[in-house]
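The values are calculated or read from the model by the stated rules, or taken from the named source; none is laboratory data. On a predicted model such as this, the values are computed, not experimentally measured, just so you know. Using ideal geometry, Cβ is built from the backbone for each residue, glycine included, and neighbour counts are taken over all protein chains shown.
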Amino acid sequence: MARYKPLRLAVATLAAALAPALALSPTALSAPARATEHAPSEAERALLHSHELWGTIDVCSPRDQPDVVGVRGSMPGNGQAEDKMYMSFRLQYLARDKRWLNLASSASSGWEPVGSGASARQGGTSFDLKPAAGKPPATLRGVVDFQWRYGRTVLDATAVPTTAGHKSLAGADPAGYSAATCAIG
């Protein structure tokens, strides 16, 4: 069963967040973060390459939610009911040099619990943006960070950028919407 916890985050004026003076740094998404230095087991590799591990834009400024971007993620369970799963959602913008940069610190949800490790879970959040008048639209994407934890110990972690073609079990507007990016402004 999927759990959708709507969390609306207000983000500062989009133009201010895109200003070069902020000197935002790019986020590396290449290798998954590891809690330990051991070689990943077959089960861990399967977890990090599961078709149930994804992120998507499920809201992109629809008529009834102007300037709102929704990011949703799905993560597979590791089969351990005592383990807990967490997601964190953030926004990035496409800079002029074609690099993806974090939008702003306020464009991150922080870690949200999504349930037990017994089975796959979905979660999501929405960001309210304030585009600056007269500026060209900004191309945004989401990044979903995932953690599997036992108590305070992080067992496994990874991050994925948003992609299209996923089925959100709740929150998509319009129903069934799934995209890799969203233009706001």
Practice problem: Inspect all residues belonging to the range 53-64 and state whether any of them is on the phi > 0 side of the Ramachandran plot, in contact with a strand residue (DSSP E or B) (Cβ under 9 Å, 6 or more places away or on another chain), surrounded by fewer than 23 Cβ atoms within 10 Å (Cβ to Cβ) and touching a residue at least 40 places away in the same chain (Cβ under 8 Å). | Solution: yes
Quiz item: Out of all the residues in the range 65-84, which are outside any strand (DSSP E or B), touching a Gly at 6+ places or on another chain (Cβ under 9 Å) and farther than 26 Å from Ser116 by Cα?
Solution: Asp67
Practice problem: Please enumerate the residues belonging to the range 85-119 that are of a type in the set (Lys, Arg) and assigned to a loop (DSSP other than H, G, I, E, B). | Solution: Arg96, Lys98, Arg99
Self-check item: Of all residues in the range 106-145 being over 27 Å from Pro76 (Cα atoms) and hydroxyl-bearing (Ser, Thr, Tyr), the one that is modelled with the lowest pLDDT
Solution: Ser106
Quiz item: So which residues in the range 121-145 are more than 14 Å from Val69 (Cβ to Cβ) and buried (at least 19 other Cβ atoms within 10 Å of the Cβ)?
Solution: Arg121, Gln122, Gly123, Asp145
Exercise. Give the residue, chosen from Arg99, Arg90, that is farther than 24 Å from Arg45 by Cα, touching a helix residue (DSSP H, G or I) at 6+ places or on another chain (Cβ under 9 Å) and not β-branched (Val, Ile, Thr).
Key: Arg90
Quiz item: Within the range 161-179, can one find any residue that is outside any loop (DSSP other than H, G, I, E, B), crowded, with 21+ Cβ neighbours inside 10 Å and modelled with pLDDT of 95 or more?
Solution: no
Practice problem: Would you point out which residue out of Ala118, Ala107 is closer than 23 Å to Pro62 by Cα and not β-branched (Val, Ile, Thr)? | Solution: Ala107
Quiz item: Looking only at the range 146-160, which residues are over 25 Å from Leu103 (Cα atoms) and surrounded by 16 or more Cβ atoms within 10 Å (Cβ to Cβ)?
Solution: Trp148, Arg149, Leu155, Asp156
Exercise. Note down all Cβ pairs under 7 Å where the first residue falls in the range 125-139 and is farther than 14 Å from Ala95 by Cβ and assigned to a loop (DSSP other than H, G, I, E, B), the second is at pLDDT below 90 and not small (Gly, Ala, Ser), and they're at least six residues apart or on different chains.
Key: Pro131/Leu14; Ala132/Thr13; Ala132/Leu14
